[in-house]
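What follows is a short report on a single structure.
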Amino acid sequence: MKLGYILGLSAGFHDAAATVIRTDGEIVFAGHSERYSKKKNDANICLNLMQEVCNYEIDTIAYYERPWLKQLRNLRSGQGIDWNNITIRQVLRNQLGSWLQHPPQQIKTYNHHLSHAAAGFQTSPYDRATCVVIDAIGEFDTISIWGAEYDTQGKAVYKKLWSQTYPHSIGLFYSAITQRVGLHPLDEEYITMGMAAWGKPRYVAECRALLEDNLHIGIDPKWLPDAVNEDIAASAQILTEELIYSVMRRARKFGWSSNLVYMGGVALNCLANRNLGEYFENIWIMPCPGDAGSSLGAAALAYGRQLHWKDAFLGHAIPGTYPVDALVDHLLSNAIAGVASGRAEFGPRALGNRSLLADPRGIHIKDQVNEIKRRQKFRPFAPVILAEQADEFFSMPRGWSSSPYMQSVAVCRSPDLYPAVCHVDGSSRVQTVAADGSGIRRLLEAWYDRTGCPMLLNTSLNIRGEPMVNDRADADRFEQQYNVKVFS
Ligand SMILES: [Fe+2]
């Protein structure tokens, strides 16, 4: 039987992305538009991204939300209608331009939150799961709970158990707070989360009142004029965690499954994620849980069955063998090295194929890496560690015996020895790497053999203000700008 290809798209809001699924369940490509256009969080599909997709004979396009429903919500919330983006044909024409001159046989659209749920469930190892979706906003839903399972034919079936609608939104609240503390909403929420550890939660009641009042019209810039940003961030984080856990309790009470599939942009809050094991036995968060990941979700819905999930390395390929020996030699002599090898990560985290790596030992390394990254000094870097050694160095939270995609924080057992990868509250956003034969795994093994240290500092390889490095030309520009060798 001839295999077909399904193109999943998410676009028009922020962080546009494309996924291609083959009709035997293989995810053959998934990539972010920003990595090709070099515009951070690019909301639109760029043609360079589509060049990757052109390698496949697409017969179905699956879109991650219902355009006309979104416009209806915009109308109801007083934002007016965009008459050029009401039908899916209009949206695709605007996003794909000339590429749509040979349209595939089928074009399908799916509900925004259902696309999130499917991106999670159909990549998860579970036959049955409770799916929780928490984001800023879908067409109308802002929180949804789904019961998911495969029927006797292997077809994915979703039953909506509960939902919350706009304007009550945990994601919009966190984004509004992100703006209030001087950061970019829908982009820098992770910095707000990092800032929270430096503050005191003095304003939880004020945050709650804000959430219950007029949040949909934004935060008045004069709100809490004397408060320091760190205290606002800490207060918002406390309230956000309280709200997330109340959703988790509600989800568990349906009794559908003790397997949790958690999706939506709020699932990137790795600080809140540390306690998910209090509510569910098993946890799966697809490494790209935000709207970009819903390009995969829409394609998954069109495919209808469980996908073959291997890892998050689904994007642009830089050919060649992972440069293990060269990296170890360079790290031993220079302490810092870049790597751009193999396929790019799908999702916001660099997991070893587009990473800036460093020896995590000692007190000076954080400042050295920050010379390059120029991040806020209050933010730590993340450790990547051999999975079997993780317990010795970190106290992993319940439900997180492994953390292959940096989705939960853990308590560092020796913060004095590894200050660069520990936050002020003693936590670390750990990436554990199992014996999967991947490049980063082989690098950690070789590094451990030579040094006795089973971990490295891992941060994303990007020129400041730009998205993560995608191709070798980006890596060359990085080398020139920062005088740091990037190995391929
Ligand atoms: Fe979303």
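The values are calculated or read from the model by the stated rules, or taken from the named source; none is laboratory data. Computed from a predicted model, the values in this text were never measured in an experiment. Glycine also receives a Cβ, built like all others from the backbone with ideal geometry; neighbour counts cover every protein chain displayed.
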**Q.** Total residues in region 253-295, condition away from the ligand (no atom under 14 Å from the Cβ), assigned to a helix (DSSP H, G or I) and buried (at least 22 other Cβ atoms within 10 Å of the Cβ)
**A.** 4
Q. Is it true that some residue in region 370-383 is touching a residue at least 12 places away in the same chain (Cβ under 8 Å) and touching a Gly at 6+ places or on another chain (Cβ under 6 Å)?
A. yes
Q | Yes/no for Phe394 being touching a Lys or Arg at 6+ places or on another chain (Cβ under 9 Å), modelled with pLDDT under 95, surrounded by 22 or more Cβ atoms within 10 Å (Cβ to Cβ) and not charged (D, E, K, R) | A | no
**Q.** Candidate set from region 128-165 (those that are assigned to a loop (DSSP other than H, G, I, E, B) and touching a Phe, Trp or Tyr at 6+ places or on another chain (Cβ under 6 Å)); member that is nearest to the ligand (Cβ to nearest atom)
**A.** Ile137
Q.
I need the helices (runs of 4 or more DSSP H) fully contained in region 22-91, keeping only those with at least 2 residues that are more than 26 Å from the chain's Cα centre (by Cα) and surrounded by fewer than 20 Cβ atoms within 10 Å (Cβ to Cβ).
A. 67-76
Q: Could you tell me whether any residue of region 97-112 is modelled with pLDDT of 95 or more, under 21 Å from Lys310 (Cβ atoms), away from the ligand (no atom under 16 Å from the Cβ) and not small (Gly, Ala, Ser)?
A: no
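Would you point out which residue out of Arg208, Arg180, Arg250 is of a type in the set (Lys, Arg), touching a residue at least 12 places away in the same chain (Cβ under 8 Å) and buried (at least 19 other Cβ atoms within 10 Å of the Cβ)?
Step by step, each of Arg208, Arg180, Arg250 is checked, and only Arg180 is of a type in the set (Lys, Arg), touching a residue at least 12 places away in the same chain (Cβ under 8 Å) and buried (at least 19 other Cβ atoms within 10 Å of the Cβ).
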